[in-house]
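In what follows, a single structure is set out as structure tokens and then discussed.
The values are calculated or read from the model by the stated rules, or taken from the named source; none is laboratory data. It should be emphasised that the depicted structure is a prediction, and the values quoted were computed from it without experimental measurement. Cβ: placed from backbone, ideal geometry, glycine included. Neighbour counts: every protein chain shown. Areas reflect the complete protein model, heavy atoms only, side chains present, ligands, DNA and RNA absent. Shrake-Rupley method; radii C 1.70, N 1.55, O 1.52, S 1.80 Å.
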Amino acid sequence: MKIDVLLGLQWGDEGKGKVVDVLTPRYDVVARFQGGPNAGHTLEFEGHKYVLRSIPSGIFQHGQINIIGNGVVLDPVLFREEAESLEKSGVNIKGILKISKKAHLIMPTHRLLDAAYEKLKGDAKIGTTGKGIGPTYTDKISRNGLRVGDIFDNFAAKYATAKQRHVNLLTALGEGSDVDELERKWMDAIEYMKGYDIIDSEFVVNRLLNEGKSVLCEGAQGSLLDVDFGSYPFVTSSNTICAGACSGLGVAPNKIGEVFGIFKAYCTRVGSGPFPTELFDETGAKIRAIGHEYGAVTGRERRCGWLDLVALRYTIMLNGVTQLIMMKSDVLDDFDTIKVCNEYRVNGEATKDFPFSVEANIEPVYTEMEGWKTDMTGITSEAEFPVAFKNYIAYIERELGVPVTIVSVGPDRAQTIVR
Ligand code: GDP
Ligand code: IMO
Ligand code: MG
């Protein structure tokens, strides 16, 4: 079998959690391949709302195997909180959740380093989620990291060495390094993790594929936050694009099947960095209010703006997207006019390419479309789509050359239309 990948095409928070949950019944396995608790994936069904950070969004369906892959960075304390809260809600995760031995551990001092590096950047700060993501991936790449599989063997000494490095760095930066309180919780959480199935996930995933099992990979963040192709340095520290699923799970590129690219009917971004179609006026405020655009993890206000097809064309290219999924269409239900950016003027010159420099002076060129002015939240079939909304989808499909196969009209699992 092939492995399908679902990933965000914008700056994150596209609604990945909701759609992974909706698609899970089609699959035997759901796996996360990168990122960590910087993610906040929201699911709503049967009157309940859940926010997942490290645990895949396939956990609520019918006993599918859920895997935290080697490309993920895991904070044991946050993992434990998340797992215990799911168990309290009656979700039996112990039997179905598996963790890669090769996933890297976020240490308490990684969080201090994250804060210290942000402080050092001053006004140029990235606006990270503060979860220690950057420093943990830095340690991975610089070959200083601790992995989940390390917890079974001489762990106290390995931890002490890694921590001392961090303390030295923090001292050099003039920062304190008191983590005693958090460290106790962290060590307890390490013991708690030992109650889970900790596996060689690359072998498990490939064996399952060879047995004919189907696997869905759940991306975190979005392609415009990819460390190579996003608006660097205002990015996260992992490869959020499709290629990240290969390295983050140990599957070969020729095993990739469908690539679901998910986007909102408009754009949002949290944290710093360029956002060409950002709206600073009451239209932006209206999108934020109707779309409840506040971070699922940090509660921060999300910046809002019109849909950007230049950005989407770029991320469709990077990921080899085969199907598009449009989310939060209902948020635009009450606009007379809707704008879509189809081209940029960069320093006065027209282009359809995403520019290299984050300092480029980008002026979006818009196409105006008629709003549909209809409440779509109760719609259950494509036949009920208002004409102006059909035109909006048709325009997007024509410009991007990829079909929109799923449309979301509300946060609930049921508010999903498969075309
Ligand atoms: P993720 O990180 O990509 O999983 O997305 P988030 O959970 O951070 O943000 C998406 C937010 O939009 C969540 O609060 C969802 O409950 C909500 N949401 C998802 N789909 C829709 C939709 O079609 N309409 C509306 N109004 N909200 C949605
Ligand atoms: P999900 O999976 C939106 C952003 C942060 C910051 C930058 C770097 O819910 O879509 P980091 O803590 O990763 O070093 O922060 O990336 N960011 C996200 N924005 N959704 C996310 O995840 C994000 N994860 C990180 O706001 O700008
Ligand atoms: Mg999110």
| message | Checking the table LYS49/LYS339; LYS121/LYS185; LYS264/LYS373; LYS339/LYS390 against a 22 Å threshold on Cα-Cα, which pairs fail? | response | LYS49/LYS339; LYS121/LYS185
| query | By how many degrees, 0 to 90 and rounded to 10, does the Cα axis of helix 309-319 deviate from the longest principal axis of the chain? | reply | 40 degrees
| field | For ASP330, solvent-accessible area (1.4 Å; no DNA, RNA or ligand), Å² | value | 30 Å²
| task | List, in order, the whole-Hz ³J(HN,Hα) value for each residue of region 50-59 obtained from phi through the Karplus relation with A = 6.51, B = -1.76, C = 1.60 and θ = phi - 60°; use x for Gly and Pro. | result | 10, 10, 9, 10, 10, 8, x, 7, x, 6
| task | Let me know the volume per residue of the alpha-carbon convex hull for region 13-112, in Å³. | result | 101 Å³
| region 1-74: GluC sites (Glu not before Pro) in DSSP coil with no more than 16 other Cβ atoms inside 10 Å | GLU46
| query | At 4 °C and 1.567 mPa s, what whole-number value in µm²/s does Stokes-Einstein give for the translational diffusion of region 254-356, with Rh from the Kirkwood sum over Cα pairs? | reply | 86 µm²/s
| query | How much of the accessible area of the chain, probe 1.4 Å, is carbon plus sulfur, in whole percent? | reply | 50 percent
| said: Compute the distance from the alpha-carbon center of region 282-319 to that of region 172-217, in whole Å. | reply: 30 Å
| field | Reach of LYS213 by Cα under 26 Å, taken over lysines that are not fewer than 8 positions away in the same chain | value | LYS2, LYS16, LYS18, LYS94, LYS98, LYS101, LYS102, LYS255
| request: Could you grab the Rg to Rh ratio for region 126-188? Cα atoms only, Kirkwood for Rh. | output: 0.96
| query | Which whole number of Å³ per residue matches the convex hull of the alpha-carbon atoms in region 147-233? | reply | 172 Å³
| query | Measuring from the lowest to the highest alpha carbon on each principal axis, how far does region 303-419 reach, largest first, in angstroms? | reply | 44, 32, 25
| For region 354-413, what does the alpha-carbon gyration tensor say about shape, rounded, prolate or oblate, given a ≥ b ≥ c as the root eigenvalues, a/c under 1.5 as rounded, and a/b over b/c as prolate? | prolate
| request: Normalising by the residue count of region 238-361, find the relative contact order in percent from Cα pairs under 8 Å and 6+ residues apart. | output: 30 percent
| Around ALA83: net Lys/Arg minus Asp/Glu count, Cβ-Cβ under 11 Å | 0
| remark: A student asked for the Cα radius of gyration and Dmax of region 174-288 in angstrom ought to give 19.9, 55
| task | Translational diffusion coefficient, Stokes-Einstein: compute it for region 24-173 using the Kirkwood radius over C-alpha pairs as Rh, at 37 °C and 0.692 mPa s, and state it as an integer in µm² s⁻¹. | result | 198 µm²/s
| Given a 1.4 Å probe, how much area per residue of the chain is accessible, in Å²? | 40 Å²
| query | How big, in percent, is the set of alpha carbon pairs in the chain lying more than 38 Å apart? | reply | 20 percent
| request: Could you state the angle between the C-alpha long axis of helix 180-193 and the longest principal axis of the C-alpha atoms of the chain, as a value from 0 to 90 degrees rounded to the nearest 10? | output: 80 degrees
| note | Relative to the compact-globule estimate 2.2 N^0.38 Å (N residues), the Cα gyration radius of region 270-324 stands at a ratio of 1.31
| field | Partner lysines for LYS119 [C-alpha distance under 16 Å; skip if fewer than 8 residues away on the same chain] | value | LYS131
| Whole-Hz ³J(HN,Hα) from phi, Karplus 6.51 cos²θ - 1.76 cosθ + 1.60, for region 387-404, glycine and proline x | 4, 5, 6, 4, 5, 4, 5, 4, 5, 4, 5, 5, 5, 9, x, 9, x, 8
| field | Over the chain, relative contact order from alpha-carbon pairs under 8 Å, at least 6 apart, % | value | 20 percent
| task | Give the accessible area for HIS48 in Å² (nearest 10); use a 1.4 Å probe, count only protein heavy atoms, and leave out ligands, DNA and RNA. | result | 100 Å²
